[in-house]
Amino acid sequence: MKQDIFQAIADPTRRAILTLLTIQALTPNVMAEKFDMSRQAVSKHIKVLQECELIKPVPSGREIHYYFNVKKMQEFDIWLAQLKQNWETQFNQLDELLSTIKEQKI
């Protein structure tokens with residue numbers, strides 16, 4: 001089952017993992033060293049992020065390096081920008097309406 005991107009980024013540990021991966025690719029063992037939790041717990045977070053396609057695994061010999069998937073985050077960013085545009089349009093319309101009402105009262 002594919003995970004929901006919003007649920008994935010809602011968790012502070014997963015956001016921290018994403019932040020680490022924006023700097024450089026890491027193996028699960030290196031990631032686990034950065035947190036006060038077991039390697040298995042970090043692996044569960046990695047699995048969720050991978051299912052959302054926020055990170056990409058790249059095998060390198062006997063290890064797997066995980067990379068931040070910029071494309072997936074750009075898709076999210078585009079959606080968020082559209083939402084922000086809608087909010088701004090509605091607030092601008094409300095401002096215009098309030099200005100009109102205020103002018104009519106004067």
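The values are calculated or read from the model by the stated rules, or taken from the named source; none is laboratory data. If you're wondering where the values come from, they're calculated on a predicted model, not measured in any experiment. Cβ: placed from backbone, ideal geometry, glycine included. Neighbour counts: every protein chain shown.
Values computed for the structure shown
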{"quantity": "Some residue of the range 39-54 being among the charged types (D, E, K, R), surrounded by 10 or more Cβ atoms within 10 Å (Cβ to Cβ), within 22 Å of Asp4 (Cα to Cα) and touching a Phe, Trp or Tyr at 6+ places or on another chain (Cβ under 6 Å)", "calculated": "no"}
{"quantity": "Residue under evaluation Phe76, criteria (1) loosely packed, with under 13 Cβ neighbours inside 10 Å; (2) not assigned by TED's automatic domain parsing to the domain that holds Thr13, criterion not met", "calculated": "(1)"}
{"quantity": "Test for Ala16: is it without any contact (Cβ under 8 Å) to a residue 40 or more places away in the chain and under 25 Å from Asp4 (Cβ atoms)", "calculated": "yes"}
{"quantity": "Total residues in the range 35-73, condition in a helix (DSSP H, G or I) and either touching a residue at least 40 places away in the same chain (Cβ under 8 Å) or in contact with a Leu (Cβ under 9 Å, 6 or more places away or on another chain) (or both)", "calculated": "5"}
{"quantity": "Lone qualifier among Phe68, Phe6, Phe35 - being aromatic (Phe, Trp, Tyr) and exposed (fewer than 12 other Cβ atoms within 10 Å of the Cβ)", "calculated": "Phe6"}
{"quantity": "Residue in the range 49-90 that is nearest to Leu20 (Cα to Cα), counting only those that are at pLDDT 95 or above and among the β-branched types (Val, Ile, Thr)", "calculated": "Ile55"}
{"quantity": "Filter result for Ile23 (loosely packed, with under 11 Cβ neighbours inside 10 Å and among the aliphatic types (A, V, I, L, M))", "calculated": "yes"}
{"quantity": "Residue within the range 85-98 that is under 17 Å from Gln3 (Cα atoms) and either more than 18 Å from the chain's Cα centre (by Cα) or in a helix (DSSP H, G or I) (or both) present", "calculated": "no"}
